[in-house]
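Asks: The structure is given below, and queries will be raised subsequently.
The values are calculated or read from the model by the stated rules, or taken from the named source; none is laboratory data. Worth saying up front: this structure is predicted, and the values here are computed from it rather than measured. Because the Cβ atoms are built from the backbone with ideal geometry, glycine has one as well, and the counts that use them run over all protein chains shown. Heavy atoms of the whole protein, side chains included, go into the accessibility calculation; ligands, DNA and RNA do not. Shrake-Rupley method; radii C 1.70, N 1.55, O 1.52, S 1.80 Å.
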Amino acid sequence: MRLNSPVAAALLSVAPELVYAQPSGVSVQVGDSADLCCAALSTSGIADKVVYPGNDLYHDSVTSYWAVNVQIEPTCIVQPQSADDVSVAVQTLTGAGGDSPCLFAVRSGGHTPIVGANNIEPGVTIDLSHMNSTIYNKEAGLASVLPGARWQSVYKTLEEYNVVVPGGRTGPVGVGGFLLGGGNSFHGARVGLACDNVENYEVVLASGRIVNANRDTNADLFKALKGGSNNFGIVTKYDIKTIDNANLWGGLVVFENSTTDAQIDALVKFTDNIENDPYASWIGLWQYNSTTQQMLITSPLDYTKPEAYPAAFDDFYAIPNISDSTRHATLYELTSELLQADGYRDVFLTSSYKNRADILHKTLEILYRKIDDALPLVKGVDWSIMVIIQPWPKILWQKNQDNGVGNVLGLDRTDENLLQVLYDYSWDNAEDDALFQRLCEEALAELDEYAKSVDAYNEYIYLNYADKTQNPLAGYGEENVRFIREVAERYDPAGVFQTQVPGGFKVSKV
């Protein structure tokens, strides 16, 4: 089964000859500067962790990004194994480069399908994937997780102790980006968003200093990291509250597209009743696959305690299905089953709306039309147009409103249950890049326009699914944007993570 501010780095990825003009009037090519930066790393205390094109480790890093279209090639890659290594890398990169500053990217799991968000060309990529361990502290009820871990490895490690943490629902997704963008999980209705379950962050600042951020120490940074993404430093460890019991009930149920009306009715009702049974989680994936020329609905139904056929799913089970893999399973097993196929080019665009049936019918009407638009124009042979619909009930953010910290997502301004719509297009041929980007942008723009016209639009944009053409931080609200900006300036006064790390969504660009 195949599931699956404008970023300055996108310019760098297609324009390696781009020239930066210096105040002296001397021009320095970015590629030349990047060579100096790599040379500085290769003479630093982490020289043995720097790899170049032609090296197997370099090749493995570049090709491990989930979406093929983001697999660009940095001048060199540094692969730290500790916070101290990250500190050396940051200090080296902020002090090298000659007349032109070193541009660098930071990558954990590499799942974001935006060119340059977590990689760079030319420039240096700090690849955190070798920092991937998970340690369980039973007495504290915490799991200490390093940023390069994938969720499937986190769950597998914790399974031995029969505990879990609220994390990604697809096993290969990386820890770092997921938590910094907010993070929805199967356990969300029980414990809130994943970021609200982080008790401490270990962070390397732009100065190279390693600090902790929690309720008692650097509390402003602690709050800002809960949704503020990569605007402040590089997080090198997450201490996350654990949840007892790694055993669940769940799996994938596949339906014919002809059941859509019944699915929509069930979904709206389910979303408005999640608070009555917060153990239940549902996702709906409507996917057209060019190789089968079929549209199918796949629904992960997951219940976060080992209770078979819970009543929360009765309306979905009343709909005839094609196949059903629900069973008693661990979180590791369920997230290993729910995989998005790699090896494709990909684009995401997302928005949030009130939980209403008319929004869902419009979402799918647009999906069908975009398939028709693509059919006569696509040059490739293997492609998919999909929409992923997820409940975003108010319990997700209200669960932790009284924890004394909060986050910067701005969802607390909303006292309504929402739906999240993600248009996800994937394809095999680079010649179709512009086509699918255009069709996806058109689809979301039309849905947004309709939602605004019927008073069903919400300005929140989930950062982890946002496209380079979107501005998710702006949707957090003016007060939160101001707070994020102030924290970024306090901990990174030179603006290293605003200018030298061009990838990601920058508060300075809001």
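Asks: Counting just the residues of segment 462-476 that are open to solvent by 20 Å² or more (accessible area, probe 1.4 Å) and in contact with a Ser or Thr (Cβ under 7 Å, 6 or more places away or on another chain), which one comes out nearest to N231 (Cα to Cα)?
Replies: N471
Asks: While we're on this one: Do any helices (runs of 4 or more DSSP H) entirely within segment 166-241 hold 2 or more residues that are in contact with a Phe, Trp or Tyr (Cβ under 7 Å, 6 or more places away or on another chain) and over 19 Å from D127 (Cα atoms), and if so, which?
Replies: On the way: elements: 175-180, 188-191, 219-224.
Per the criteria, 219-224.
Asks: Scanning segment 477-503 for residues that are open to solvent by less than 80 Å² (accessible area, probe 1.4 Å) and closer than 18 Å to Y460 by Cβ, which turns out farthest from the chain's Cα centre (by Cα)?
Replies: Among them, the one singled out is F483.
Asks: Which ones in segment 454-486 are hydrophobic (A, V, I, L, M, F, W, C), part of a helix (DSSP H, G or I) and either in contact with a Gly (Cβ under 7 Å, 6 or more places away or on another chain) or over 25 Å from A206 (Cβ atoms) (or both)?
Replies: So in segment 454-486, the residues hydrophobic (A, V, I, L, M, F, W, C) come out as 454, 456, 461, 463, 466, 473-474, 481, 483-484.
Remaining after also requiring part of a helix (DSSP H, G or I): 463, 473-474, 481, 483-484.
Selection gives L463, I484.
Asks: Restricting the search to segment 399-436, which residues are open to solvent by 40 Å² or more (accessible area, probe 1.4 Å), out of contact with any Leu (no Cβ under 9 Å at 6 or more places or on another chain) and closer than 30 Å to A266 by Cβ?
Replies: Listed by number, the residues that qualify are Q401, D412, R413, D415, E416.
Asks: Then there is this: Specify which of the listed residues (A312, A329, A341, A266) is open to solvent by 10 Å² or more (accessible area, probe 1.4 Å), hydrophobic (A, V, I, L, M, F, W, C) and at pLDDT 95 or above. First the steps, then the outcome.
Replies: Numbers: A329 fails: open to solvent by 10 Å² or more (accessible area, probe 1.4 Å); A341 fails: at pLDDT 95 or above; A266 fails: open to solvent by 10 Å² or more (accessible area, probe 1.4 Å).
Criteria check complete, one pass: A312.
Asks: OK, next. Give all pairs with beta carbons closer than 8 Å in which a residue from segment 163-192 that is closer than 23 Å to G504 by Cβ meets a residue that is surrounded by fewer than 23 Cβ atoms within 10 Å (Cβ to Cβ) and among the acidic types (D, E); count only pairs at least 6 apart in sequence or on separate chains.
Replies: If the second residue must be surrounded by fewer than 23 Cβ atoms within 10 Å (Cβ to Cβ) and among the acidic types (D, E), the pairs left are P172/D342.
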